[in-house]
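Input: a single structure, listed below in structure tokens.
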Amino acid sequence: MKRIKKTKKGMQVKSSFLTYFDGCYGFDASENVTNTFKMGVCKLEYKKKKNTLIVHLRRPGFLIGKAGITIDNLKKHLDCNIKIIEVNLYK
């Protein structure tokens, strides 16, 4: 059985994502940005080969922001692509 190693880059991108929205550890969150709890972030995945952060959340509109400003700023801050997957809790 092969062990799956967690990459340092992936862990850094995930923690930067959380810090960007929750505004902790001396980094002020951007203005008019909600926190991860209100967005309903369920899971964060990082694909190293594609340099993509996959975000599973309930309310993607909060992450995208008005006219896509929030997600564009986040892409610049994290220096990676972002893929959004909407999670529906009701079936």
Review point. Is it true that some residue in segment 31-42 is at pLDDT 90 or above, under 22 Å from Gln12 (Cα atoms) and assigned to a loop (DSSP other than H, G, I, E, B)?
Key: no
Point to revise | Single unsatisfied condition, Tyr90 versus (1) under 16 Å from Gly40 (Cβ atoms); (2) under 13 Å from the mean Cα position of the chain (by Cα) | key: (2)
Revision key, fill the gap. Counting only residues that are modelled with pLDDT of 70 or more and either surrounded by 10 or more Cβ atoms within 10 Å (Cβ to Cβ) or closer than 28 Å to Asn88 by Cα (or both), segment 1-30 contains a total of 14
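The values are calculated or read from the model by the stated rules, or taken from the named source; none is laboratory data. Note that the coordinates shown come from a computational prediction; the quantities given were computed from them, not determined experimentally. Cβ: placed from backbone, ideal geometry, glycine included. Neighbour counts: every protein chain shown.
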